[in-house]
Amino acid sequence: MQDSLPETPESQPNPPGRPHSALGIASLIVAIVAIIAIFGAFVLAAANTEDVVVGTVFLLGLLLALIGDLLGIIGIFMKQRKKLFPILGTVINTALLVIGIGTLGLGLFFLRTSSSF
């Protein structure tokens with residue numbers, strides 16, 4: 001009987017793994033850009049920039065978060081793909097949407113209550 005040596009990890013072939021979801025990676029990248037845009041809107045507001053510019057940058061960040069959320073959701077349901085990036089992108093984009101819409105609603109509430117029409 002011949003003794004055989006155990007196979008080392010180098011001698012074992014790599015099983016073909018599932019690739020990452022391209023839509024999930026795009027969702028995460030869009031989430032990072034949306035964070036920068038929304039944070040940039042607050043920085044612009046603190047620097048006394050015109051309201052139109054601040055509002056445009058803020059709404060652009062919310063639109064990016066919505067697009068990233070859709071990309072992430074589609075990426076989650078893709079077959080034979082890893083789910084890490086789509087889940088991260090969806091969670092971050094959804095959090096941005098909730099925080100952004102909440103901030104927008106709170107600002108509109110205080111605007112309405114402080115106005116003397």
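Each reported figure results from applying straightforward, stated rules to the coordinates on display, with no laboratory input. Predicted, not measured: the structure shown is a model, and the values here were computed from it. A quick note on method: Cβ atoms are made from the backbone with ideal geometry, for glycine too, and the neighbour counts reach across all protein chains shown.
Computed values, structure above
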item: Complete set of residues in the range 34-50 that are more than 21 Å from residue 108 (Cβ to Cβ) and surrounded by 15 or more Cβ atoms within 10 Å (Cβ to Cβ); result: 35
item: Enumeration of residues in the range 71-93 that are surrounded by fewer than 16 Cβ atoms within 10 Å (Cβ to Cβ) and under 9 Å from the mean Cα position of the chain (by Cα); result: 91
item: Residues that are among the β-branched types (Val, Ile, Thr) and closer than 14 Å to residue 69 by Cβ, drawn from the range 21-36; result: 29, 30, 32, 33, 35
item: Residue that is among the aliphatic types (A, V, I, L, M) and in contact (Cβ under 8 Å) with a residue 12 or more places away in the chain, where the choices are 31, 47; result: 31
item: Residue count for the range 77-91, restricted to those that are over 12 Å from residue 26 (Cα atoms) and β-branched (Val, Ile, Thr); result: 1
item: Among residues of the range 68-86, those that are out of contact with any strand residue (DSSP E or B) (no Cβ under 7 Å at 6 or more places or on another chain) and aromatic (Phe, Trp, Tyr), counted; result: 1
item: Given (1) more than 20 Å from residue 22 (Cα to Cα); (2) crowded, with 17+ Cβ neighbours inside 10 Å; (3) over 14 Å from the mean Cα position of the chain (by Cα), index of the condition residue 53 fails; result: (2)
item: Residue in the range 58-65 that is closer than 22 Å to residue 18 by Cα and in contact with a helix residue (DSSP H, G or I) (Cβ under 7 Å, 6 or more places away or on another chain) present; result: no
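Here is a yes/no grid of residues against (1) outside any loop (DSSP other than H, G, I, E, B); (2) in contact (Cβ under 8 Å) with a residue 40 or more places away in the chain:
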| residue | (1), (2) |
| --- | --- |
| 78 | no, yes |
| 90 | yes, yes |
| 94 | yes, no |
| 102 | yes, no |
| 110 | yes, no |
